[in-house]
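Step one of this worksheet: look at the structure below.
None of the figures in this text is laboratory data; all of them are computed from the coordinates on show. In this text, all values refer to a predicted model and were calculated from it rather than measured experimentally. Heads up, the Cβs are rebuilt from the backbone with ideal geometry, glycines too, and the neighbour counts pull from every protein chain shown.
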Amino acid sequence: MEQLPANILLPSLLIVVSLLSSAVGIIGYFLKDIKCNQERKDAKQDQVIEDIKNDFAEFKASLPHNYVLRDDFIRVSSGIELKIDRVSRDIGEINKGLAELIGGMSDNVSQRGT
């Protein structure tokens, strides 16, 4: 294999080193740019996560004001059912009393007519 003459070897070596240095510099620049973009995205995402945490904390604080606990609902609905049963029983008793009064009155009317 023949060697390159010295007057061509040095400039060609400088060109190769320059190209490699330029490639490393360009790659480094883009890596730095990618890293900066990623840091900005991370900061933005951290802010969004903080906002979501705050919103969730506010939601948890407002839950007792907007919603009823299951146990409280069952307790109140049981009380309402008990009251409805009492009213139903009272209406039944009133209905029986009215039936006796009306039935007694119709017996008196029929006895008078005969």
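Match the structure shown to one of the listed values (1) 49; (2) 73; (3) 82 of percent of Cα pairs over 17 Å apart, computed from it, and give that label. Correct label, based on the coordinates given: (3).
Sequence gap of 8 or more, or different chains, plus Cα separation below 29 Å: how many lysine pairs satisfy both in the chain? Eligible lysine pairs with Cα atoms under 29 Å apart amount to 9.
Available extension along the chain between Asp71 and Asp51 is 4.0 nm, counting 0.36 nm per residue and deducting the alpha carbon span. Compared with the dominant principal axis of the Cα atoms in the chain, helix 70-113 is inclined by about 20°. Return the single residue from Asn54, Asn95, Asn37 with maximal mean-square fluctuation; model: Gaussian network over the chain, springs between Cα atoms under 10 Å. Checking each option, the largest mean-square fluctuation is seen for Asn95.
Helical content of the chain, expressed as a calculated mean residue ellipticity at 222 nm, amounts to -34500 deg cm²/dmol (DSSP H runs of 4 or more residues, -39,500 (n - 2.57) each, divided by residue number, nearest 500). Around Asn54, what is the net charge, scoring Lys/Arg as +1 and Asp/Glu as -1 over all other residues with Cβ under 15 Å from its Cβ? With Lys, Arg at +1 and Asp, Glu at -1, the neighbours total -3. Near Gln45: Cβ cut-off under 13 Å, other residues only, Lys/Arg at +1 and Asp/Glu at -1. The net charge is -1.
In segment 10-67, the alpha-carbon atoms span a convex hull of 44 Å³ per residue.
For helix 6-66, report the angle its Cα long axis makes with the longest principal axis of the Cα atoms of the chain; keep it between 0 and 90° and round to the nearest 10°. Relative to the chain, helix 6-66 is tipped by roughly 10 degrees.
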